[in-house]
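Single-structure report; data block below.
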Amino acid sequence: MTSALMGVLYDEGWARYGWPEQLGGFGGDIVHRAVMWDALARHGLPAMALYEHLEVLLPTLVALGNPTFMAEALPRFLRGEQVWSQGFSEPEAGSDLASARTRAVERDGGGYAITGRKIWTSWARYARWCLVLARTGTTESRHRGLSAFIVDLQDPGVEVRAIEQANGTDELAEVTFDEVLVGPERLVGEIGGGWRVAMHILAHERGTFGWFRHNFLTREVLDNLSLGGPAGDTLLGNALLDLAAVRASSFGGVRAHAADTVLGPRAAFVKLMLAASEQAVNDWVLASDPDLAVGVQDDHVAVNRQDYLFSRIVTVYGGSQQMQLDTIAKQILRLP
Ligand SMILES: Cc1cc2nc3c(=O)[nH]c(=O)nc-3n(C[C@H](O)[C@H](O)[C@H](O)COP(=O)(O)OP(=O)(O)OC[C@H]3O[C@@H](n4cnc5c(N)ncnc54)[C@H](O)[C@@H]3O)c2cc1C
C-alpha cells in the first residue's frame, strides 16, 4: 500500500517538491518535504517505514552522488518503485564504525570489487540498492580509509538474510558481499571520503529524521486517544511534551538543511529526544490499553505491540544513546 501511495504522490507532483529539478524534482527544499510528511501523518496515511531512507540517505546522495546515476535513481525512489538501504554496521563495527572491515578493491578494468558482511541493514530484504561503507585504505587508516559505494543488491555475490525480530517485523537483515562488482559511477563522494558521506547521512538520521518520525508518533497518540483514561494522564502529558521538544529541535535541523548546512553534533540532542518521546508515547499506550497488557489478539493490539517493542530499541539505531551522549560531551561541552 505504501508503494502505491508513493506512486500517487509522485504522479500528482507532491513528492517531487523539495528535490532538485535536474534530478527529476520540482525544486524547493526540505521544508516542502517536511510539510508534506506532516500532512500525510495528520491524515492517518501509512508511516514512511520502507521509504524512511528518503530522508536519511537521499539528501547525501543528491549532494555527493554521481548526477547521471542519481537522475535515474531518484524518480524511481520517489515513485515507490525502488527501496534503498544503508550498509554501515558490521558484526565487529557498530559504535566503532571506523573499524569497518568490508573491503573494496580497485579492479584493473575500472570499478571496484566489494567483499564483506553488513548487519542490521534496515529494509535490505526489500531494497534494490544499498549504500555500503567499505575500506579502500589500510585497516590502520581507520576513518580516513573508508569510501562509500552504491551496491545493487540484485547483483551476483550478494546474499541477504533476514534477522528474526522480537516485534515480528521484517525490517532487519544481514547482507554479505562476495566480490560484488561496482562501476565507478556508483562511488559516492571521493575515494577515502566515505567518512564524510557517513557523517552527512548520520546528521540527517539523527537530526532532520526526528521531524519526519515525530509526525507519525503524534499520529500514534491520536489513534489511541480513545483508549486513554485518567490513570494515563501524566504519561500522556509527558509524551506530548517530549513530542513538542522534538518538533521544535528537529525543525531546527530542517531549517539548517534548507540553508545548506547540517546540524552536526547538535543532531545528537534531537536523536536522544526522539528516542525518549518514542518510548514515552509507547509507555502511555501500554498503560492505557488493557488489551495490550494482557496480550489480547486483534489487529489494533498487534500494531500497538509491534510499536511498543520497537520503541525499546530506538535508543540504538543511528548510533546508541551512549554514543550520542559521548558526542555531546566531547564535541559540544568539550569535556576531556
Ligand atoms: C532498529 C535498528 C535499525 C538499524 N538499521 C541500521 C541500518 O539500516 N544500517 C546500519 O548500518 N545499521 C543499522 N542499525 C545498527 C545500529 O547502527 C547499531 O546497532 C549501533 O550503531 C550500535 O552498534 P552495535 O549494535 O554493534 O553495538 P556495540 O557498538 O557493540 O555497542 C554495544 C553497547 O556498548 C555501548 N558502547 C559501545 N562503545 C561505547 C563507547 N565508546 N562508550 C560508551 N558506550 C559504548 C553501546 O552504547 C551499546 O550499548 C540498526 C539498529 C537498529 C536497532
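Before moving on, here are some points about what is shown:
- From the options ARG142, ARG101, residue that is in contact with a Gly (Cβ under 7 Å, 6 or more places away or on another chain) and either away from the ligand (no atom under 11 Å from the Cβ) or not basic (Lys, Arg) (or both): ARG101
- SER320 being surrounded by 14 or more Cβ atoms within 10 Å (Cβ to Cβ), closer than 19 Å to GLY232 by Cβ and within 11 Å of the ligand (Cβ to nearest atom): no
- The range 114-126 - residue that is near the ligand (Cβ under 8 Å from one of its atoms) and not charged (D, E, K, R) and, of those, surrounded by the most Cβ atoms within 10 Å (Cβ to Cβ): ALA124
- Residue under evaluation VAL56, criteria (1) farther than 20 Å from ASP152 by Cβ; (2) within 11 Å of the ligand (Cβ to nearest atom); (3) crowded, with 18+ Cβ neighbours inside 10 Å, criterion not met: (1)
- Residues in the range 261-310 that are under 22 Å from the mean Cα position of the chain (by Cα) and either in the same structural domain as ASN167 (by TED's automatic domain parsing) or among the β-branched types (Val, Ile, Thr) (or both): THR261, VAL262, VAL270, VAL281, VAL303.
- Applying the criterion of at least 2 residues that are in contact with an Asp or Glu (Cβ under 8 Å, 6 or more places away or on another chain) to the helices (runs of 4 or more DSSP H) found wholly in the range 190-274 leaves 209-224, 233-258.
- Filtered residues of the range 80-113 (kept if over 22 Å from the mean Cα position of the chain (by Cα), surrounded by fewer than 21 Cβ atoms within 10 Å (Cβ to Cβ) and part of a strand (DSSP E or B)): ARG103, VAL105, GLU106, ALA113
- GLY109 vs. criteria at positive phi and either among the small types (Gly, Ala, Ser) or within 12 Å of the ligand (Cβ to nearest atom) (or both): no
- Selected residue (criterion: modelled with the lowest pLDDT) from residues of the range 127-155 that are over 25 Å from GLU171 (Cβ atoms) and open to solvent by 70 Å² or more (accessible area, probe 1.4 Å): THR139
- Residue in the range 159-175 that is at pLDDT below 95 and not in a loop (DSSP other than H, G, I, E, B) present: no
- Unmet requirement for LEU40, which otherwise passes all of (1) open to solvent by less than 10 Å² (accessible area, probe 1.4 Å); (2) within 19 Å of TRP123 (Cβ to Cβ); (3) of a type outside the set (Gly, Ala, Ser): (1)
- Some residue of the range 291-309 being among the basic types (Lys, Arg) and more than 20 Å from ASP242 (Cα to Cα): yes
- Test for LEU45: is it open to solvent by 10 Å² or more (accessible area, probe 1.4 Å), at negative phi, touching a residue at least 12 places away in the same chain (Cβ under 8 Å) and touching a strand residue (DSSP E or B) at 6+ places or on another chain (Cβ under 6 Å): no
- Selection within the range 127-139: residues that are β-branched (Val, Ile, Thr) and not in a strand (DSSP E or B). The member of this set that is farthest from the ligand (Cβ to nearest atom) is THR138.
The values are calculated or read from the model by the stated rules, or taken from the named source; none is laboratory data. All of these numbers come straight from a predicted model, not from anything done at the bench. Glycine gets a Cβ as well: all are built from the backbone with ideal geometry, and neighbour counts include every protein chain shown. Note: accessible area is taken over every heavy atom of the protein model, side chains too, but ligands, DNA and RNA are not part of it. Shrake-Rupley method; radii C 1.70, N 1.55, O 1.52, S 1.80 Å.
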